[in-house]
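In what follows, a single structure is set out as structure tokens and then discussed.
The values are calculated or read from the model by the stated rules, or taken from the named source; none is laboratory data. Quick caveat, the model's predicted, so the values are computed rather than measured. Here the Cβ positions follow ideal geometry from the backbone for every residue, glycine too, while neighbour counts run over all protein chains shown.
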Amino acid sequence: MTELEGMMGSFGGLRLDDRSPVGALPLQTLGMRFHHVGVAVRSIEKALDYYVGLFGFEQIAPPVDVPSEHVRVCFVRVDPGVMIELVEGVGEQSPVERLLERTGAGTYHICYQVDDLDAAIRILRRNKCRPFKRFEMRTHGLRRFAFLLTPDRQLFELCEAESDEEISS
């Protein structure tokens, strides 16, 4: 018996009253699609020397401050649909700074874009993922974000795109 059994309705092609366990379904069935990998770095500028100068990635936009998260971020792309978010900690309260002190630079999180952030969080919570941080910020066509932990404590992010009405205003 799944935790979703007895619920009605649908989300991203998944009928919530289906008998299939959600954990056995591909992420795309939940309306999730890969967006980027977040990489913790000590300095975005130094990281850009490698990613753009040496590896040939394309810098998509200038670095952006995300004060609520105590970070600065910058997206680079190697191919369409393959992006890396360089994440630099800002200040002592930054979780990235603490990570860099413990383990050094490296993969920080994986991000999936979803059509409906609230619905995706509800389904993932029922499958033992724990949300712990949400925030809103308009950047790169995105507007709402949430960080969650898998049952084995892997960090991942969900992002939701701005609606067409929000983009045109």
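Could you run through region 103-118 and say how many residues are surrounded by fewer than 18 Cβ atoms within 10 Å (Cβ to Cβ), in contact (Cβ under 8 Å) with a residue 12 or more places away in the chain and over 21 Å from residue 89 (Cα atoms)?
2
What residue, of 73, 87, is buried (at least 19 other Cβ atoms within 10 Å of the Cβ), within 15 Å of residue 37 (Cβ to Cβ) and either in contact with a Pro (Cβ under 9 Å, 6 or more places away or on another chain) or of a type in the set (Lys, Arg) (or both)? Outline the logic, then answer.
Details: 87 fails: either in contact with a Pro (Cβ under 9 Å, 6 or more places away or on another chain) or of a type in the set (Lys, Arg) (or both).
That would be 73, the only listed residue that is buried (at least 19 other Cβ atoms within 10 Å of the Cβ), within 15 Å of residue 37 (Cβ to Cβ) and either in contact with a Pro (Cβ under 9 Å, 6 or more places away or on another chain) or of a type in the set (Lys, Arg) (or both).
Which of (1) at pLDDT below 90; (2) in a helix (DSSP H, G or I); (3) loosely packed, with under 13 Cβ neighbours inside 10 Å is the odd one out, the single condition residue 29 does not satisfy?
With respect to (1) at pLDDT below 90; (2) in a helix (DSSP H, G or I); (3) loosely packed, with under 13 Cβ neighbours inside 10 Å, residue 29 is out only on (3).
Checking residue 130 against (1) farther than 22 Å from residue 63 by Cα; (2) at pLDDT 90 or above; (3) in contact with a helix residue (DSSP H, G or I) (Cβ under 6 Å, 6 or more places away or on another chain), only one condition comes out false. Which one?
Against the list (1) farther than 22 Å from residue 63 by Cα; (2) at pLDDT 90 or above; (3) in contact with a helix residue (DSSP H, G or I) (Cβ under 6 Å, 6 or more places away or on another chain), residue 130 comes up short only on (3).
Any idea how many residues of region 40-55 are assigned to a strand (DSSP E or B) and among the aromatic types (Phe, Trp, Tyr)?
0
Yes or no, residue by residue, for (1) within 21 Å of residue 33 (Cβ to Cβ); (2) surrounded by 13 or more Cβ atoms within 10 Å (Cβ to Cβ); (3) under 12 Å from the mean Cα position of the chain (by Cα):
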| position | (1), (2), (3) |
| --- | --- |
| 92 | no, no, no |
| 122 | yes, yes, no |
| 127 | yes, yes, no |
| 132 | no, no, no |
| 142 | yes, yes, yes |
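Is there a residue being touching a Lys or Arg at 6+ places or on another chain (Cβ under 7 Å), over 22 Å from residue 160 (Cα atoms), modelled with pLDDT of 95 or more and among the aliphatic types (A, V, I, L, M) anywhere in region 51-62?
No, the conditions are met nowhere in region 51-62.
Restricting to region 54-90, give me the number of residues that are closer than 16 Å to residue 147 by Cα, β-branched (Val, Ile, Thr) and more than 16 Å from the chain's Cα centre (by Cα).
Total meeting the criteria: 0.
Just give me the residues in region 53-64 being surrounded by fewer than 14 Cβ atoms within 10 Å (Cβ to Cβ) and either free of Cβ contacts under 8 Å to residues at least 40 places away in the same chain or on the phi > 0 side of the Ramachandran plot (or both), in sequence order.
53, 54, 55, 56, 58, 62
So, residue 68, is that one surrounded by 18 or more Cβ atoms within 10 Å (Cβ to Cβ) and polar (S, T, N, Q) or not?
no
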